[in-house]
Amino acid sequence: MMKNDTITFNSLQNTHTKIDKRITYHLAGHAAAIYLGNKQKDLPAVYFQININQQQMNGQQANRFSQKYGSYTAEVEGGRLIQNLPLSFVETASYFSWAQYKEYRCAFEADVINLLVGSLAEAKYVALCDGEPFNSNLMNVGALRFYEGCSDSALIAQYMECLIPLTIEREQKLTELFLAAFRFVSNQANWCAISALASFISNEPKNTIPCEEAISLLEPQLAA
């Protein structure tokens, strides 16, 4: 789903090699949006974990939404409210009550926003490091491909095609969701939470950071 460059548990501990900071912010952005973003929208909590693994050299392909960096992959596993995309949102939701329809659509849109936040968090980190401004006038959905967003973009495209059949309306809605993701990253409390988790990923050489551990790092930042 969302990934970046690093080393396996044993390798990390032995060499103290650090994950690229851009990658840590990408991963942390996804995780923060999944937990904090869903919570802010009163959506159900969903399980996720952060995985950083050495690629198998036996010809097996990694999960197709994983990002590959040299010999390693990094991802946020799980975290989606919509586990299996239907062929058509409209057809599936036609059997729902109005309340169920609203909840289902909100879950669809939240998953898209959470995917967008990873690349935006990485983009903001890069902008801050370069002393460049970070604002919605300088960023757009297309630019996210420069921030390890290719696999995220593929999944987002699947969501949007399922959600809205017409191209023009789909693009308008995606712009709306992009701006919502941008506001999430621009919120100071959210950014502090993302930064705290990114620092932990960078400083703690682990193959897996479970959901509970990530949450324990995200929560305190909201009360700070």
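Details
- Subset of segment 148-166 (residues that are over 15 Å from Ser119 (Cβ atoms), open to solvent by 30 Å² or more (accessible area, probe 1.4 Å) and in contact with a helix residue (DSSP H, G or I) (Cβ under 9 Å, 6 or more places away or on another chain)): Glu161, Pro165
- Looking across segment 16-58, the residues that are open to solvent by less than 80 Å² (accessible area, probe 1.4 Å) and either modelled with pLDDT under 55 or assigned to a strand (DSSP E or B) (or both) come down to Thr17, Phe48, Gln49, Ile50, Asn51, Ile52, Asn53.
- Verdict on Asn114 being under 21 Å from Gly79 (Cα atoms), surrounded by fewer than 23 Cβ atoms within 10 Å (Cβ to Cβ) and touching a residue at least 60 places away in the same chain (Cβ under 8 Å): no
- If only residues of segment 117-137 that are without any contact (Cβ under 8 Å) to a residue 60 or more places away in the chain and buried (at least 16 other Cβ atoms within 10 Å of the Cβ) are counted, the one that is nearest to Ile201 (Cα to Cα) is Ala123.
- Pair list, Cβ under 8 Å, 6 or more apart: segment 78-92 residue under 24 Å from Leu36 (Cβ atoms), other residue acidic (Asp, Glu): Arg80/Asp111; Leu81/Asp111; Ile82/Asp111
- Being open to solvent by 10 Å² or more (accessible area, probe 1.4 Å) and either among the hydroxyl-bearing types (Ser, Thr, Tyr) or modelled with pLDDT of 90 or more (or both) is a description that does not apply to Pro86.
- Filtered by the rule that a residue be modelled with pLDDT under 90 and more than 25 Å from Phe182 (Cα to Cα), segment 96-138 gives no residues.
The values are calculated or read from the model by the stated rules, or taken from the named source; none is laboratory data. This one's a predicted model, so the numbers in the text were calculated from it and none came from an experiment. Using ideal geometry, Cβ is built from the backbone for each residue, glycine included, and neighbour counts are taken over all protein chains shown. For accessibility, only protein heavy atoms count, side chains too; no ligands or nucleic acids. Shrake-Rupley method; radii C 1.70, N 1.55, O 1.52, S 1.80 Å.
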